[in-house]
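What follows is calculated from the coordinates using simple rules that are stated; it is not laboratory data. As the structure is a prediction and not an experimental result, all values here were calculated from the model. No Cβ is skipped: glycine too gets one built from the backbone with ideal geometry, and neighbour counts run over all protein chains shown.
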């Protein structure tokens, strides 16, 4: 089934959600995205995960190559993309952005996490390709 992930990805998903929860519980809403990104990555690394921040993504289109055309906020264990936000409202373009990144990196699992919410469970959306 397409919506099913392997056990490793499910375990990563739990750690990602838990890390977002810890950061939001400690800091609350209203800070800059960069603050949440640093703290979120710190929590993931404390769990022994490999985390890359602001990872460049080159684009190859019809023979044109754009080096570092895009930057992923966070990629966990080289497989899960986390797009972080600190916005009043998540817009459809934010979901489209994450889905495009997932397609470009051939990632099955992604998270759109908005820290500017009263409760973090309101700010986490999981995407599976």
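Quick notes on this one:
- Peptide ranges 53-60, 71-78 listed from the most packed, as the mean C-beta count within 10 angstrom indicates: 71-78, 53-60
- Per principal axis, descending, Cα span of segment 7-128 in whole Å: 47, 32, 23
- Share of pairwise Cα separations in segment 44-102, more than 13 Å, in percent: 68 percent
- The sum of -39500 (n - 2.57) across all DSSP H runs of n ≥ 4, divided by the residue count of the chain, sets its helix-only mean residue ellipticity at 222 nm to -12500 deg cm²/dmol.
- Relative contact order, percent, segment 7-128 [alpha-carbon distance under 8 Å, six or more residues apart]: 23 percent
- To the nearest ten degrees, helix 7-27 and the longest principal axis of the Cα atoms of the chain are 50 degrees apart.
- Rounded tilt (10° steps) of 92-105 against the dominant C-alpha axis of the chain: 60 degrees
- Extension reserve of the residue 18-residue 60 stretch, reckoned as 0.36 nm per residue once the Cα distance is removed: 11.6 nm
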